[in-house]
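See structure below.
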Amino acid sequence: MRTRLTHLGVVGLLLILGAGVASAEVMRWQVGGEMREAIVYVPAASRGGERVPLVLSFHGYGDNMQNFQHTKVHVAWPDAIVVYFQGLETRGGLPVWQVERGGGDPDLKLVDVALASLREMYNVDDDRIYAAGFSNGGMFAYLLWAERPGVFAA
């Protein structure tokens with residue numbers, strides 16, 4: 001009997017702790033003739049009346065969104081919508097982000113389209129939109145800050 005109560009207590013605790021955990025989904029956007037995608041973690045609070053922060057995350061050169069989600073930004077900031085984007089493949093097959101204007105600005109356009117979509121779907125706090133990345137993704141975050149100066153808090 002004691003073991004059964006312990007198991008029920010553990011299950012109940014897991015259900016309570018898991019109630020605020022963000023759910024993940026792959027979202028896709030058509031941008032300039034390319035299908036672009038990202039893994040998006042959405043906290044339950046974003047579907048209600050509460051405005052929530054938005055974090056846009058960009059992997060390094062040659063990496064991908066699946067690996068980059070292991071940085072666990074969504075775990076460190078469970079109340080934020082966290083988006084792990086997938087870069088475009090180069091001719092050599094490795095995903096990359098643009099680091100300067102030009103070439104049709106495919107990644108800048110991706111962020112514009114994704115941001116509009118996320119704002120429409122969720123109650124995003126426009127004063128708390130962040131861009132972050134690693135290596136090549138970090139350089140793209142710098143480009144975003146420079147080219148979209150009124151959008152990002154940091």
For the residue pair residue 100 and residue 51, what label-to-label distance in nm results when each label sits 7 Å from Cα along the Cα-to-beta-carbon direction? 3.7 nm
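So if a site counts as exposed when it's one of the GluC sites (Glu not before Pro), its DSSP state isn't H, G, I, E or B, and it has at most 12 other Cβ atoms within 10 Å, what's the longest stretch of the chain without one? Numbers along the way, then the final one.
Details: sites that count: 50, 100.
For GluC sites (Glu not before Pro) (loop position, at most 12 other Cβ atoms within 10 Å), the longest site-free span of the chain is 101-154.
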Assigning unit charges at the beta carbon (Lys, Arg +1; Asp, Glu -1) and nothing else, what dipole magnitude in debye, to the nearest 20, does segment 21-147 show about its Cα centre? 180 debye
Segment 55-64 - phi-based ³J(HN,Hα) in whole Hz, Karplus 6.51/-1.76/1.60, Gly and Pro as x: 10, 9, 10, 10, 5, x, 4, x, 8, 8
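Where does the charge balance sit around residue 64 when Lys and Arg score +1, Asp and Glu -1, over other residues with C-beta under 12 Å from its C-beta?
Details: positive: none; negative: 37, 63, 89.
Residues near residue 64 contribute -3 overall.
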For segment 54-148, run through the trypsin sites (Lys or Arg not before Pro) and keep only the ones in DSSP coil with at most 14 other Cβ atoms within 10 Å of their Cβ. 72, 91, 101
For the chain, built as a Gaussian network whose Cα springs stay under 10 Å, the top-fluctuating residue of 75, 52, 96: 75
Toward the positive end of the charge dipole of segment 76-115, about the Cα centre and with charges on Cβ (Lys, Arg +1; Asp, Glu -1), which of 104, 114, 81 goes farthest? 104
Return the distance in nm (one decimal) between the two label points of a simple spin-label model at residue 89 and residue 147, each offset 7 Å from Cα along Cα→Cβ. 2.3 nm
Radius 11 Å from Cβ of residue 107, net charge of other residues (Lys, Arg +1; Asp, Glu -1): -2
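Please work out how much length the chain gains when fully extended from residue 71 to residue 117, using 0.36 nm per residue of separation minus the C-alpha to C-alpha distance, in nm with one decimal.
Values: separation 46, 0.36 × 46 = 16.56 nm, distance 2.41 nm.
That works out to 14.2 nm of additional length.
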Most mobile of 58, 85, 134 in a GNM of the chain (Cα contacts under 10 Å): 134
If I build a Gaussian network model for the chain, linking alpha-carbon pairs within less than 10 angstrom, which residue out of 38, 76, 114 has the largest mean-square fluctuation? 76
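Taking 0.36 nm per intervening residue step and subtracting the Cα-Cα distance, what contour gain separates residue 135 from residue 37 on full extension?
Numbers: separation 98, 0.36 × 98 = 35.28 nm, distance 1.98 nm.
Additional length available on full extension: 33.3 nm.
Each value in this text was obtained by applying a stated rule to the coordinates, not by laboratory testing. Computed from a prediction, not measured in an experiment: that's the story for all the values here. Because the Cβ atoms are built from the backbone with ideal geometry, glycine has one as well, and the counts that use them run over all protein chains shown.
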